[in-house]
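Taking it in order: structure first as structure tokens, then the write-up.
The values are calculated or read from the model by the stated rules, or taken from the named source; none is laboratory data. Every value quoted in this text rests on a predicted model; they were computed, and no experiment measured them. Positions of Cβ are generated from backbone atoms using ideal geometry, with glycine treated the same way; all protein chains shown enter the neighbour counts. In case anyone asks, the SASA skips ligands and DNA or RNA and just uses the protein heavy atoms, side chains included. Shrake-Rupley method; radii C 1.70, N 1.55, O 1.52, S 1.80 Å.
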Amino acid sequence: MKNYWNLRLSDFAIAVALAFIPLVSDAQFSRPEEKFPTEEKYLYPIRPGQPGSLAGTMGELRTTHFHSGIDIRTDNKIGLPVLAAKSGYVSRVTVTPSGYGNVLYITHPDGNTTLYAHLDKFTGKVARHVLDHQYKEKSANVDLHFQPHQFVVKRGDTVAVSGNTGSSGGPHLHFDIRDSNNHALNPLLVEGFSEIVDGLPPYVEKVALKTLDINSRINDQYGRFEFYVQRVGNDFIFPTPILASGNIGIEVLAKDKLAPKSQFWGGVNNIQVAVDEKVVFNQNIEKINIAETRGIYTLMDFKTMRLNGNRFYKLYIDDGNELDFYGKSPSSGKIQIRDRESEVKVTLKDSYGNASNLSLKLRPTALTPSVKFLDPMKSEFEYEVYENTIMLSVPPCSDSSSLKVFYKSNEETATPTYGNENRSVYLIDLRKQFPDSISICGKSITTNIKAMVPPSIEFNYYSDEMDIQFPEKSLYDTVYLTTYHGLNSDSLEVFNIGSRVDPLNKSINVIIRPSQTYDWDSGKYAVYRVAGRNAYSYLGGSWRNGGVHFSSREFGDFTIMKDDTAPTINSVVVNNYIAKFKIRDNLSGINKYEANIDGQWLLMHYDPKTATIWSEQLKKSKALKGKLTLVVTDNSGNETVYTKQIQ
Ligand SMILES: [Zn+2]
């Protein structure tokens with residue numbers, strides 16, 4: 001009997017277990033962690049179990065990169081405990097004044113690594129180790145990799161204190177989950193954190209349609225046109241059909257509201273386009289290769305971002321686009337207008353599956369030379385290079401008989417491609433040859449186009465005034481390179497290289513040969529990129545064989561300037577506990593700062609966004625006493641020294 005009961009009991013236990021297994025596995029297999037099978041779930045690293053909110057999502061379009069993780073709000077406070085999301089070991093710590101600031105990485109048994117950034121401080125043994133290292137190396141900047149046995153952490157351990165270090169716009173915790181190939185995963189898909197509730201679908205503000213070649217038109221015109229959409233419930237429509245012909249690209253300005261009353265918006269990772277119910281394009285930002293986040297410049301409309309700050313998602317794949325977000329995309333998404341009206345439906349989904357749709361109609365139309373409506377023009381002459389074409393729009397003039405296009409060895413006359421009584425629009429195809437100048441209405445326009453630079457192969461441009469080397473794959477698309485050398489309105493010698501609305505994937509290597517003389521050996525001269533009105537960004541450069549050599553990751557205007565003004569040091573507080581200063585430089589920027597107390601190196605932390613440096617002693621209990629010396633040096637070698645005897 002006893003045996004029997006034992007048997008029965010164990011059968012019962014198995015039966016109970018079996019009854020529960022389907023439930024458990026249903027729950028597990030409907031969740032994304034199915035891909036990352038470990039026993040532990042990821043813990044929400046800030047106040048787990050309490051309602052949380054986000055200020056940013058993974059995949060979001062930032063100016064220079066895809067946002068690789070989630071930004072967890074910390075009530076605008078610095079100092080919240082940051083908990084290890086999973087057990088593992090601290091594998092890396094970095095400290096830099098900009099970027100992520102203070103960062104901690106934890107590697108977990110599943111092979112993934114979690115990253116915690118903009119930290120105010122590290123805690124415990126890691127904090128001690130970092131401080132010792134800073135004093136040993138006499139450097140505030142740190143990049144330390146650790147072995148698995150050194151700093152073991154358990155899920156839920158406090159590993160750091162949240163902050164606002166680096167290039168952070170306000171206190172928050174930036175949190176990434178990366179796989180072993182250094183691809184950032186979407187934390188909201190890896191773990192459906194119950195702390196975050198999002199029931200709101202993506203929001204569409206505008207749609208843009210773009211002609212993709214010289215024979216394409218939107219409302220009878222060539223170019224890129226934006227349309228405000230109307231909201232109907234959770235969906236969006238553009239109610240009247242848009243006339244179209246040729247090859248068309250669609251773009252959307254869309255974002256995902258993160259919570260009903262939040263001022264923060266996230267990105268839209270999943271966007272699908274269907275034409276007459278047939279899917280033609282599918283973007284799914286599932287993983288981000290950390291080494292290639294600059295690929296963002298081909299996913300969003302770079303020119304529009306540069307001109308007005310709006311980040312439109314392009315819903316078509318450019319030739320130079322090597323991102324792997326389009327695995328399920330049946331085509332490039334470029335829409336070929338056929339002979340009947342098409343219904344375009346764009347479906348946008350957030351990480352929680354909330355979806356909205358945008359609908360519009362494209363009505364085919366034949367190319368026509370007479371256009372009823374032309375957009376009001378900002379300037380008298382409009383000149384633009386776009387998609388292998390020069391577009392020139394001009395008002396009527398007495399000598400409007402013809403436009404002359406001057407090439408190196410020949411000239412051609414052209415009649416307007418389309419227009420009306422107010423304006424004439426000329427389209428000039430650049431693929432065969434590009435003109436040096438164009439004349440119309442008694443005016444002459446110099447194109448400054450010097451070369452057609454292909455996107456994928458290495459390309460070298462040589463001239464008397466400058467040489468430019470484009471490494472392989474430095475462009476995303478063909479660029480008609482413009483160069484110009486002259487004086488600007490401030491009598492500065494300026495070298496123009498390309499247009500700032502064209503993105504660069506890699507740095508170009510440049511040699512410029514100035515016509516003015518600069519005392520380069522003084523060390524005070526450097527190359528700067530003109531970044532705006534009276535704004536210059538330091539590039540450095542070196543003088544060799546009659547030219548200045550430098551690299552730039554942006555097109556634009558470059559100039560040479562002298563910085564012989566030393567940085568400024570203003571003391572904020574200097575006492576037995578802390579020494580704190582504001583340091584600034586007028587032009588070339590802060591290069592280094594070093595403090596000593598009675599000849600002993602003193603650690604100074606630096607926050608460029610507030611221009612502040614402050615001390616931290618190796619032994620907290622020790623009073624700051626003796627002769628404090630602080631030396632701040634700019635990029636042109638100008639030095640300012642501050643000394644004070646602390647009693
Ligand atoms: Zn972030």
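Surrounded by fewer than 17 Cβ atoms within 10 Å (Cβ to Cβ) and closer than 27 Å to residue 245 by Cα: is that true of residue 341 in this structure? Criteria met by residue 341. Residue count for the stretch 222-236, restricted to those that are crowded, with 20+ Cβ neighbours inside 10 Å and of a type in the set (A, V, I, L, M): 1. Residue check: residue 542 meets all listed conditions (1) small (Gly, Ala, Ser); (2) surrounded by fewer than 17 Cβ atoms within 10 Å (Cβ to Cβ); (3) touching a residue at least 24 places away in the same chain (Cβ under 8 Å) but one, namely (3). Residue 168 falls short of the stated requirement of being under 27 Å from residue 289 (Cβ atoms), exposed (fewer than 14 other Cβ atoms within 10 Å of the Cβ) and of a type outside the set (D, E, K, R). Residue check: residue 576 meets all listed conditions (1) in contact with a strand residue (DSSP E or B) (Cβ under 7 Å, 6 or more places away or on another chain); (2) buried (at least 17 other Cβ atoms within 10 Å of the Cβ); (3) more than 18 Å from residue 137 (Cα to Cα) but one, namely (2). Among the residues making up the stretch 141-169, those that are within 16 Å of the ligand (Cβ to nearest atom) and at pLDDT below 95 are 167, 168, 169. Residue 327 versus (1) among the small types (Gly, Ala, Ser); (2) exposed (fewer than 15 other Cβ atoms within 10 Å of the Cβ); (3) on the phi > 0 side of the Ramachandran plot: which is the lone unmet condition? In the conditions (1) among the small types (Gly, Ala, Ser); (2) exposed (fewer than 15 other Cβ atoms within 10 Å of the Cβ); (3) on the phi > 0 side of the Ramachandran plot, residue 327 misses (3) alone.
Screening the candidates 282, 247, 219 for the property of being surrounded by fewer than 20 Cβ atoms within 10 Å (Cβ to Cβ) and under 26 Å from residue 322 (Cβ atoms) yields one hit, 247. Would the stretch 119-140 turn up any residue that is within 16 Å of the ligand (Cβ to nearest atom), modelled with pLDDT of 95 or more and closer than 21 Å to residue 290 by Cα? Yes, the stretch 119-140 contains a residue that is within 16 Å of the ligand (Cβ to nearest atom), modelled with pLDDT of 95 or more and closer than 21 Å to residue 290 by Cα. Among the residues of the stretch 494-509, the ones that are outside any loop (DSSP other than H, G, I, E, B), within 22 Å of residue 304 (Cα to Cα) and either open to solvent by 40 Å² or more (accessible area, probe 1.4 Å) or out of contact with any Leu (no Cβ under 8 Å at 6 or more places or on another chain) (or both) come to 1 in all.
Every condition in (1) under 28 Å from the mean Cα position of the chain (by Cα); (2) open to solvent by less than 20 Å² (accessible area, probe 1.4 Å) holds for residue 130 except the one numbered (1).
Here residue 184 fulfils each of the conditions (1) at pLDDT 95 or above; (2) within 12 Å of the ligand (Cβ to nearest atom); (3) under 21 Å from residue 76 (Cα atoms) apart from (3). Residue 111 - would you say it is in a loop (DSSP other than H, G, I, E, B) and either of a type in the set (S, T, N, Q) or more than 11 Å from the ligand (Cβ to nearest atom) (or both)? For residue 111, the condition - in a loop (DSSP other than H, G, I, E, B) and either of a type in the set (S, T, N, Q) or more than 11 Å from the ligand (Cβ to nearest atom) (or both) - is met.
The C-beta contact set for the stretch 474-489 (first residue loosely packed, with under 14 Cβ neighbours inside 10 Å, second residue of a type in the set (A, V, I, L, M, F, W, C) and assigned to a strand (DSSP E or B), distance under 7 angstrom, 6+ apart or interchain) comprises 486/494; 487/494; 488/494. Taking the stretch 53-94 only, how many residues are over 16 Å from residue 178 (Cβ atoms), within 16 Å of the ligand (Cβ to nearest atom), open to solvent by 30 Å² or more (accessible area, probe 1.4 Å) and not polar (S, T, N, Q)? So the answer is 3. For residue 45, the conditions (1) at pLDDT 95 or above; (2) within 16 Å of the ligand (Cβ to nearest atom); (3) open to solvent by 50 Å² or more (accessible area, probe 1.4 Å) all hold with the exception of (3).
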